[in-house]
């Protein structure tokens, strides 16, 4: 059994996933947070995790995972992660991170590693190192920035099986502290060292490329519809191109949502203004993203639909989050003009969003509706016998019924990026 102790400070989604996964791999973890109710629930084995496989890991790590409000436990930890999420609606708000760091430093022991997991702006880690050394000149410590690329709904799998680990250091020539190096070696993937600034920028770079790919897919999708092409036939060819790759984001969507990619785009936009640059790419992506919901709104208006049924409220499957979701955008735009009924197995829309009816049965939602609009590719929708669907029109925004479209004999099927040439 390992005797090395690790602390995770800040138990947001990021902190909960990483601390439980770390405990599964490296054993002894103190999970620290200011929220007394959260800690009490975790200590009693209670949780409301929606992230797939997290409950299972939580049960497996109960002997090694210690939730606590006691920051003094940091004194016996060799590794200390700051793991609070940055608010996606306020990407420059660092109040919670700064508070947790301030409460952590007094308990940091000599030669310990302080590791930032939180989403931070470029330059934050270097500035923090300078501040700590200035206020605590006798403290010997190692500061790192650990790039996280968790994906909601796939976070456990991605943390346990990373493609690579990016570690921001004071200098790329820095030797990784032995305890940290030993822990990272268990992940069996390349560890890439770079400067703080490069590591921080890598996070933004990844998300800019992803957002660019999604925007390109949406643009291509629109062209396909007008020229009679089918984007579903084109995607396999693109993925076989080595310059693009099999895992590229190439499926069209109603919008970039969830808050995380958008946050990075806004951070770039702020850098753009700070340094008086004018690349324009992030501005174009943000602008096109806000307009993207019009694809669906125009379809509904053109078809003169008076009532619709929504399947899916969450911005993606395997989450209950509706942050920046297409469902909210659609209800806000058309809720006062047409009848909208909605079903989702997990997600709920904020109470401030009105002008729609929430139903508990997906088939009940179809009753008296002019069309079914599919917004989230939940697995339970895939397994449906399409012969049971009694609806004249399906607008499939996620392509979930595309493989079965030839069997939809009496239903008009509309999907993104599918034109008609014959």
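The values are calculated or read from the model by the stated rules, or taken from the named source; none is laboratory data. Small disclaimer: the values here were computed from a predicted structure and weren't measured. Virtual Cβ from ideal backbone geometry, glycine too; neighbours counted across all protein chains shown.
In this entry, residue 355 passes the filter for residues that are within 16 Å of residue 313 (Cβ to Cβ), touching a helix residue (DSSP H, G or I) at 6+ places or on another chain (Cβ under 8 Å) and surrounded by fewer than 17 Cβ atoms within 10 Å (Cβ to Cβ). Restricting segment 225-234 to residues that are part of a helix (DSSP H, G or I) and more than 28 Å from the chain's Cα centre (by Cα) leaves a set whose member that is surrounded by the most Cβ atoms within 10 Å (Cβ to Cβ) is 225. Within segment 37-67, being more than 21 Å from residue 321 (Cα to Cα) and either touching a residue at least 40 places away in the same chain (Cβ under 8 Å) or part of a loop (DSSP other than H, G, I, E, B) (or both) holds for 44, 45, 57, 61, 62, 63, 64, 65, 67. Taking residue 415 as meeting all but one of (1) modelled with pLDDT under 95; (2) in contact with a helix residue (DSSP H, G or I) (Cβ under 6 Å, 6 or more places away or on another chain), write down the number of the exception. With (1) modelled with pLDDT under 95; (2) in contact with a helix residue (DSSP H, G or I) (Cβ under 6 Å, 6 or more places away or on another chain) applied to residue 415, the lone miss is (1). Residues in segment 5-32 that are surrounded by fewer than 23 Cβ atoms within 10 Å (Cβ to Cβ), assigned to a loop (DSSP other than H, G, I, E, B) and in contact with a helix residue (DSSP H, G or I) (Cβ under 6 Å, 6 or more places away or on another chain): 5 only. Among the conditions (1) surrounded by 15 or more Cβ atoms within 10 Å (Cβ to Cβ); (2) more than 29 Å from residue 275 (Cβ to Cβ); (3) touching a helix residue (DSSP H, G or I) at 6+ places or on another chain (Cβ under 9 Å), the only one that residue 146 does not satisfy is (2).
Do you know which residues across segment 182-195 are touching a helix residue (DSSP H, G or I) at 6+ places or on another chain (Cβ under 8 Å) and outside any helix (DSSP H, G or I)? Listed by number, the residues that qualify are 186, 187, 191, 194. The sole residue among 179, 204, 157 that is touching a helix residue (DSSP H, G or I) at 6+ places or on another chain (Cβ under 6 Å), in contact (Cβ under 8 Å) with a residue 12 or more places away in the chain and part of a helix (DSSP H, G or I) is 204. Residue check: residue 196 meets all listed conditions (1) buried (at least 18 other Cβ atoms within 10 Å of the Cβ); (2) within 17 Å of the chain's Cα centre (by Cα) but one, namely (2). Which residue is surrounded by the most Cβ atoms within 10 Å (Cβ to Cβ), if the candidates are limited to segment 291-323 and must be under 18 Å from the mean Cα position of the chain (by Cα) and over 22 Å from residue 401 (Cβ atoms)? Per the stated criteria, the residue is 322. Can you name the residue in segment 71-96 that is surrounded by 13 or more Cβ atoms within 10 Å (Cβ to Cβ) and free of Cβ contacts under 8 Å to residues at least 40 places away in the same chain and is also farthest from the chain's Cα centre (by Cα) among such residues? That would be 75. Residues that are under 28 Å from residue 417 (Cβ atoms) and over 21 Å from the mean Cα position of the chain (by Cα) occur at least once in segment 205-220. Inside segment 329-349, residues that are out of contact with any helix residue (DSSP H, G or I) (no Cβ under 8 Å at 6 or more places or on another chain) and either in the same structural domain as residue 87 (by the TED database) or surrounded by fewer than 17 Cβ atoms within 10 Å (Cβ to Cβ) (or both) make up a count of 6. Would you check if residue 326 is in the same structural domain as residue 249 (by the TED database) and closer than 27 Å to residue 13 by Cβ? Taking the combined requirement at face value, the residue satisfies it.
For (1) outside any helix (DSSP H, G or I); (2) closer than 30 Å to residue 110 by Cβ, each residue gets a yes or a no:
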{"site": "172", "(1), (2)": "yes, yes"}
{"site": "197", "(1), (2)": "no, yes"}
{"site": "223", "(1), (2)": "no, no"}
{"site": "252", "(1), (2)": "yes, no"}
{"site": "255", "(1), (2)": "yes, no"}
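Selection of segment 235-248 for residues being in contact with a helix residue (DSSP H, G or I) (Cβ under 7 Å, 6 or more places away or on another chain) and in a helix (DSSP H, G or I) yields an empty set.
Scanning segment 266-301 for residues that are touching a residue at least 12 places away in the same chain (Cβ under 8 Å) and outside any helix (DSSP H, G or I) returns 292, 293. Going by what's in this entry, would residue 308 be described as at pLDDT 95 or above and not in a strand (DSSP E or B)? Taking the combined requirement at face value, the residue does not satisfy it.
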